[in-house]
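See below for the structure under consideration.
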Amino acid sequence: MEDMVYTPPFRFLSESTPEELFGRLPTPCYILEEKALRHNGEILAGLAKRTGCRILLAQKAFSNYDLYPVLEPYLAGTEASGLYEARLGAEKMPGKEVHVFSAAYRDDQFVELLHYADHIVFNSPGQLMRFGRQAKVAGRSIGLRINPEWSTQDGHDIYDPCAPGSRLGTTREQWNALMTEEWKSLIDGLHFHTLCEQDADDLATTLQAVETTFGDILPQMKWLNMGGGHHITRPGYHMDILEDCIGTAQQKWGVQVYLEPGEACALHAGYLATRVLDVLTNGNTKIAIVDTSAACHMPDVLEMPYRPPLYGSKEAGELPYTYRLGGPTCLSGDVIGEYSFDRPLEAGDLLLFGDMAIYTTCKTNTFNGMPLPDLYVRHETGIIEELCHFGYDDFRYRLGR
């Protein structure tokens, strides 16, 4: 297992095994890795210093606010998808910028939203016409999300904002039909978000598409937000291409560039510990039931889908013993994936999934009465601290009074 220690999801474990580090913790549980968060923050701060761009934490990916003080020194602020995230960013990262984008805003929330937000990005000319003047009077910087109609994703339509018929962003056709000079005068910046855990070469081609569709508008803007999905802190990421994209935009159009990655801020910065409950065989398939659930605790496994890294394992068939790992719920498809091991699994074995800080704790649910995993942080000192314990009341309170 030594080679697993030094792969990105587990490199901060050093030479300790998951059982040695986390064996006394109740499972399932998340453990956030403070050292990894700081490592990511330093990379992002270096990019901002070299280029002059401003980097925001997209809270939709990581919103464990107890760890905001670790990231705060390296970031310009937070990005929110609505009122609650905007409030969280304002309260937990005070003094920093708060940017908000929503596909549509609510009348009964907009005044309160203006109390927390510095930048308001609208999804359509219709939303701009409805709320734009109100935001302008409040002194907020106003943006419009654009759709360059340039897809860079293959097989993940659920995460492709440029897919045909997308509800996200204003196309140039919509702009030409609806944007009068009066409405244009309200806008300070343009926003696009087209990537999902991708490298900078996809950003470069997207930026070319943005120039083709909106290049005549950009010189009139104060800022350009290039959204998220940039895997900046991933080993091997093409930082030079990203820096060229930022520099090109700043020089050509005179805009302040914003990036709002979520994954990059918390990439490889957390684990999900689980124990094997039972081992069984169905035909030629060996199955291990664990006390965590893909559907409840790592829903992106089913939505994307993807196969999360698991300490000490390899692809199915690479090591002598292959198991299909599944949760204890009644959902037939509650399957995490197939993994191989160098020894047979037994009830009670501790398994450790990596890269469990992003799109996990903020997306958990209690389907089937599944308990929410407790939440811990492993400090840079090595001390492990409990942040949250969840019990029956956390399941019950969402279902009635």
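The values are calculated or read from the model by the stated rules, or taken from the named source; none is laboratory data. All values derive from a computational prediction rather than experimental measurement. Please note: Cβ atoms are built from the backbone with ideal geometry, for glycine as well, and neighbour counts cover all protein chains shown. Heavy atoms of the whole protein, side chains included, go into the accessibility calculation; ligands, DNA and RNA do not. Shrake-Rupley method; radii C 1.70, N 1.55, O 1.52, S 1.80 Å.
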Report yes if some residue within the range 257-280 is at positive phi and either touching a residue at least 24 places away in the same chain (Cβ under 8 Å) or not β-branched (Val, Ile, Thr) (or both); otherwise report no.
-> yes
Evaluate the following for residue 300: is it surrounded by 20 or more Cβ atoms within 10 Å (Cβ to Cβ), under 23 Å from residue 159 (Cα atoms) and under 23 Å from the mean Cα position of the chain (by Cα)?
-> no
Single condition residue 209 does not satisfy, out of (1) part of a helix (DSSP H, G or I); (2) open to solvent by 20 Å² or more (accessible area, probe 1.4 Å) | (2)
Residue 227: in contact (Cβ under 8 Å) with a residue 12 or more places away in the chain, crowded, with 16+ Cβ neighbours inside 10 Å and under 22 Å from the mean Cα position of the chain (by Cα), yes or no?
-> yes
The correct count of residues that are under 22 Å from residue 190 (Cα atoms) and either touching a residue at least 60 places away in the same chain (Cβ under 8 Å) or under 17 Å from the mean Cα position of the chain (by Cα) (or both) in the range 68-111 is 17
Test residue 341 against the criterion of being of a type in the set (Phe, Trp, Tyr), in contact with a helix residue (DSSP H, G or I) (Cβ under 9 Å, 6 or more places away or on another chain) and modelled with pLDDT of 95 or more, and give yes or no.
-> no
Residue among 351, 310, 372 that is modelled with pLDDT of 95 or more, touching a Lys or Arg at 6+ places or on another chain (Cβ under 8 Å) and crowded, with 20+ Cβ neighbours inside 10 Å = 351
Residue list for the range 47-70, filter: in a loop (DSSP other than H, G, I, E, B) and not small (Gly, Ala, Ser) | 53, 59, 60, 62, 64
In the range 68-86, which residues are of a type in the set (Phe, Trp, Tyr), more than 25 Å from residue 255 (Cα to Cα) and surrounded by fewer than 22 Cβ atoms within 10 Å (Cβ to Cβ)?
-> 84
In the range 12-46, which residue that is of a type in the set (Val, Ile, Thr) and not in a loop (DSSP other than H, G, I, E, B) is most open to solvent (accessible area, probe 1.4 Å)?
-> 43
The condition of being open to solvent by 10 Å² or more (accessible area, probe 1.4 Å), among the charged types (D, E, K, R), closer than 23 Å to residue 42 by Cα and not in a strand (DSSP E or B) holds, among 240, 154, only for 240
Before we move on, is residue 144 open to solvent by less than 60 Å² (accessible area, probe 1.4 Å) and in contact with a Phe, Trp or Tyr (Cβ under 6 Å, 6 or more places away or on another chain)?
-> yes
Those residues of the range 87-133 which are of a type in the set (A, V, I, L, M, F, W, C), open to solvent by 60 Å² or more (accessible area, probe 1.4 Å) and in contact with a Phe, Trp or Tyr (Cβ under 7 Å, 6 or more places away or on another chain) amount to 129
Is there any pair with a first residue in the range 18-44 that is touching a residue at least 12 places away in the same chain (Cβ under 8 Å) and a second that is of a type in the set (Lys, Arg) and buried (at least 20 other Cβ atoms within 10 Å of the Cβ) whose Cβ atoms are under 8 Å apart and which are 6 or more apart or on different chains, and what are they?
-> 21/378; 31/378; 32/378; 33/378; 34/378; 35/378
Looking at the range 47-67, which of its residues are open to solvent by less than 10 Å² (accessible area, probe 1.4 Å) and either more than 12 Å from the chain's Cα centre (by Cα) or closer than 28 Å to residue 253 by Cα (or both)?
-> 47, 53, 55, 56, 57, 58, 67
Restricting attention to the range 243-256, report how many residues are surrounded by fewer than 16 Cβ atoms within 10 Å (Cβ to Cβ) and not in a loop (DSSP other than H, G, I, E, B).
-> 5
On the given criteria, is residue 233 in a loop (DSSP other than H, G, I, E, B) and either among the polar types (S, T, N, Q) or open to solvent by 40 Å² or more (accessible area, probe 1.4 Å) (or both)?
-> yes
Positions within the range 263-284 being buried (at least 24 other Cβ atoms within 10 Å of the Cβ) and not in a strand (DSSP E or B), in sequence order | 263, 264, 265, 266, 267, 268, 269
